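Participant: One structure is given below, represented as structure tokens, and several questions about it will come after.
The values are calculated or read from the model by the stated rules, or taken from the named source; none is laboratory data. Bear in mind the structure is a predicted one, so any value in this text is a computation, not a measurement. Cβ coordinates were reconstructed from backbone atoms using ideal geometry, including for glycine residues, and neighbour counts include every protein chain displayed. In case anyone asks, the SASA skips ligands and DNA or RNA and just uses the protein heavy atoms, side chains included. Shrake-Rupley method; radii C 1.70, N 1.55, O 1.52, S 1.80 Å.
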Amino acid sequence: MGLVQRLEREWYTGGPLAEALRPLGTLTCALAGWRRRHRRGRAGALPSLVVGNLTVGGNGKTPLTLAIGHRLQDWGVAVAVVSRGHGAHPPTLPYRVPADDSPARAGDEPLLLAQTLPVYLSPRRHAGIAAAAAAGFRWALLDDGFQHLALKPDLRLLVFAGTRPLGNGRCLPAGPLREPICAAEQADAVLLDDRVGHLPLSPSVPQFRYRLQVAGAHRLGDPKQRVDPRQWCGQRFSAVTGIARPERFLDTLNNLGVEAELYAFADHHAFRPKDLEDIPRPLVMTAKDAVKCEGFAGPDDWVLQTEAEPEPAFWEWLHSAIMVRS
């Protein structure tokens, strides 16, 4: 286990490394709080909705962004996703991501989103929103961006997931928080997955539940070869992940009755053929990882598809919030 992975584990289980970094975490919280109190953003060229979090990685933002983007399309809203493009190397900025782009150029999460939604990459979110406006879109959906204070969005959603959604409650690098929990008061609504218990959040911020559900599975490199993953019950798979909280993927497989051995890589890992050479087959991975591995798929490599399903009350709240601003 690398140093970074060890530290990330200690955020949730405790340990000497995270404890030694506690003074730095206190400083991060203080600086983040000062920045939020004093930074004043400006609106973008389009109404915008941010799907963000207070912690680093693994909260379900991407599947929720997909679900929200598809629902907006169903409501007749011309929406485009604007992403900073973590790990992307686009030829120009802002950059419209083609659905058949490479993960090296587009990044894993933007490429996954671009399979079904229009996506623009731009670390400068105002520029990305302006590009979407010029192309005729009417709303911008930001995958992440709650801490991008240069932008004043119209709606802010915060996502929390897991049995310990705040980890040890400390800020980076001593814990997973990007800023203090009091920043949640700036959200317009909060989404909690079905494992989150009580959180110390303001009662004035609406709270809604969501769950990640298995939508199916297909052969890596050939989405047309679909299977019902429930038929894997009792079988043994190698679970390959490059996500922030690999134990969530393992839990999902275990709930299907799959016996899985975990092969966890760092979040956003750039997979290469040799990474998978010695892993026993059959193997299964997430859709986020699959976009980086399609070019060297084996005959017994599979992709588990999951979808975010918010409760009906959330869709009622969002529809009202979107339409009043459109």
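Participant: Restricting to segment 122-146, name every residue that is out of contact with any Gly (no Cβ under 6 Å at 6 or more places or on another chain) and among the aromatic types (Phe, Trp, Tyr).
Facilitator: Phe137, Trp139
Participant: Can we say Ala127 is at pLDDT 95 or above and touching a strand residue (DSSP E or B) at 6+ places or on another chain (Cβ under 8 Å)?
Facilitator: Values: at pLDDT 95 or above: yes; touching a strand residue (DSSP E or B) at 6+ places or on another chain (Cβ under 8 Å): no.
Spelling it out, it is not the case that Ala127 is at pLDDT 95 or above and touching a strand residue (DSSP E or B) at 6+ places or on another chain (Cβ under 8 Å).
Participant: Taking the residues in segment 1-43 that are surrounded by 15 or more Cβ atoms within 10 Å (Cβ to Cβ) and among the hydroxyl-bearing types (Ser, Thr, Tyr) as candidates, determine which candidate is farthest from the chain's Cα centre (by Cα).
Facilitator: Checked segment 1-43; the qualifying residue farthest from the chain's Cα centre (by Cα) is Thr28.
Participant: Now for a separate question. Identify all residues within segment 187-204 that are among the acidic types (Asp, Glu) and either crowded, with 16+ Cβ neighbours inside 10 Å or farther than 22 Å from Leu304 by Cα (or both); write none if there are none. Reasoning before the result, please.
Facilitator: The initial filter retains those residues of segment 187-204 that are among the acidic types (Asp, Glu), namely 188, 193-194.
Matches in segment 187-204: Asp188, Asp193.
Participant: Moving on. So which residues in segment 69-104 are part of a helix (DSSP H, G or I) and more than 19 Å from Ala270 (Cα to Cα)?
Facilitator: Gly69, His70, Arg71, Leu72, Gln73, Asp74
Participant: Considering only residues of segment 83-98 that are at pLDDT 95 or above and among the aliphatic types (A, V, I, L, M), which is nearest to Arg138 (Cα to Cα)?
Facilitator: Only one residue tops the list, namely Val97.
Participant: For residues that are modelled with pLDDT of 95 or more and closer than 30 Å to Arg164 by Cα, tally how many sit in segment 56-82.
Facilitator: Initially, segment 56-82 is screened for residues modelled with pLDDT of 95 or more, giving 64-82.
Next cut, closer than 30 Å to Arg164 by Cα only: 64-71, 81-82.
Looking only at that region, the number is 10.
Participant: Going through Arg124, Arg164, Arg138 one at a time, which residue ends up being under 30 Å from His198 (Cβ atoms) and surrounded by fewer than 18 Cβ atoms within 10 Å (Cβ to Cβ)? Steps first, please.
Facilitator: Numbers: Arg124 fails: under 30 Å from His198 (Cβ atoms); Arg138 fails: under 30 Å from His198 (Cβ atoms).
Only one candidate qualifies: Arg164.
Participant: Identify the residue in segment 111-133 that is in a helix (DSSP H, G or I) and either touching a residue at least 60 places away in the same chain (Cβ under 8 Å) or of a type in the set (Phe, Trp, Tyr) (or both) and, among all such residues, is nearest to Arg84 (Cα to Cα).
Facilitator: First, the residues of segment 111-133 that are in a helix (DSSP H, G or I): 111-114, 125-133.
Adding the requirement that they be either touching a residue at least 60 places away in the same chain (Cβ under 8 Å) or of a type in the set (Phe, Trp, Tyr) (or both) leaves 111-112, 125-126, 129-130, 132-133.
Details: Leu111: 12, Leu112: 14, Arg125: 7, His126: 11, Ile129: 11, Ala130: 14, Ala132: 14, Ala133: 17 Å.
Of everything passing the filter in segment 111-133, Arg125 is nearest to Arg84 (Cα to Cα).
Participant: Among the residues that make up segment 64-73, is at least one of them farther than 28 Å from Glu316 by Cβ and in contact (Cβ under 8 Å) with a residue 60 or more places away in the chain?
Facilitator: First, pick out the residues of segment 64-73 that are farther than 28 Å from Glu316 by Cβ: none.
Checked against the condition, which is being farther than 28 Å from Glu316 by Cβ and in contact (Cβ under 8 Å) with a residue 60 or more places away in the chain, segment 64-73 yields no hits at all.
Participant: Contact list please: Cβ distance under 7 Å, first residue in segment 15-34 and within 14 Å of Gly169 (Cβ to Cβ) and touching a residue at least 60 places away in the same chain (Cβ under 8 Å), second residue in a helix (DSSP H, G or I) and of a type in the set (Asp, Glu), pairs at least six apart or on different chains.
Facilitator: Between residues of segment 15-34 that are within 14 Å of Gly169 (Cβ to Cβ) and touching a residue at least 60 places away in the same chain (Cβ under 8 Å) and residues that are in a helix (DSSP H, G or I) and of a type in the set (Asp, Glu), the close pairs are Ala18/Glu10.
Participant: Next question, about the same structure. Since Cys182 meets every condition but one in (1) open to solvent by 40 Å² or more (accessible area, probe 1.4 Å); (2) part of a loop (DSSP other than H, G, I, E, B), which condition does it not meet?
Facilitator: Against the list (1) open to solvent by 40 Å² or more (accessible area, probe 1.4 Å); (2) part of a loop (DSSP other than H, G, I, E, B), Cys182 comes up short only on (2).
Participant: So which residues in segment 79-100 are touching a Phe, Trp or Tyr at 6+ places or on another chain (Cβ under 9 Å), closer than 22 Å to Ile243 by Cα and not polar (S, T, N, Q)?
Facilitator: Val81, Val82, Gly85, Ala88, Val97 - these are the residues of segment 79-100 that are touching a Phe, Trp or Tyr at 6+ places or on another chain (Cβ under 9 Å), closer than 22 Å to Ile243 by Cα and not polar (S, T, N, Q).
Participant: Considering (1) open to solvent by less than 50 Å² (accessible area, probe 1.4 Å); (2) touching a helix residue (DSSP H, G or I) at 6+ places or on another chain (Cβ under 8 Å); (3) closer than 20 Å to Gln305 by Cα, say which one Arg71 fails and leave the rest.
Facilitator: (1)
Participant: If you take the residues of segment 82-102 that are touching a residue at least 24 places away in the same chain (Cβ under 8 Å) and either under 13 Å from the mean Cα position of the chain (by Cα) or open to solvent by 40 Å² or more (accessible area, probe 1.4 Å) (or both), which of them is nearest to Glu316 (Cα to Cα)? Please lay out each step first, then the result.
Facilitator: At the first step, the residues of segment 82-102 found to be touching a residue at least 24 places away in the same chain (Cβ under 8 Å) are 82-88, 90, 93-97.
Among the residues that remain, those that are also either under 13 Å from the mean Cα position of the chain (by Cα) or open to solvent by 40 Å² or more (accessible area, probe 1.4 Å) (or both) are: 83-87, 93-94, 96.
On the way: Ser83: 26, Arg84: 29, Gly85: 30, His86: 32, Gly87: 35, Leu93: 35, Pro94: 33, Arg96: 31 Å.
Once the filter is applied, the top-ranked residue is Ser83.
Participant: Based on this model, can you work out whether Asp222 counts as in contact with a strand residue (DSSP E or B) (Cβ under 7 Å, 6 or more places away or on another chain) and touching a residue at least 24 places away in the same chain (Cβ under 8 Å)? Before the answer, list the steps.
Facilitator: On the way: in contact with a strand residue (DSSP E or B) (Cβ under 7 Å, 6 or more places away or on another chain): no; touching a residue at least 24 places away in the same chain (Cβ under 8 Å): yes.
When the stated conditions are applied, Asp222 does not pass them.
Participant: To continue, here is another question. Regarding segment 313-320, can at least one residue be identified that is free of Cβ contacts under 8 Å to residues at least 40 places away in the same chain and over 22 Å from the mean Cα position of the chain (by Cα)? If you could, list the steps in order and put the result at the bottom.
Facilitator: Applying the first criterion (free of Cβ contacts under 8 Å to residues at least 40 places away in the same chain) to segment 313-320 yields 316, 320.
Imposing the further condition that a residue be over 22 Å from the mean Cα position of the chain (by Cα) reduces the set to 316, 320.
Yes; the residues of segment 313-320 include at least one that is free of Cβ contacts under 8 Å to residues at least 40 places away in the same chain and over 22 Å from the mean Cα position of the chain (by Cα).
Participant: Output the strands (runs of 3 or more DSSP E) that fall wholly within segment 205-321 and possess 3 or more residues being more than 26 Å from Pro103 (Cα to Cα), open to solvent by less than 30 Å² (accessible area, probe 1.4 Å) and at pLDDT below 95, or say none.
Facilitator: Details: elements: 207-219, 222-227, 236-241, 259-264, 283-286, 301-310.
Hits in segment 205-321: none.
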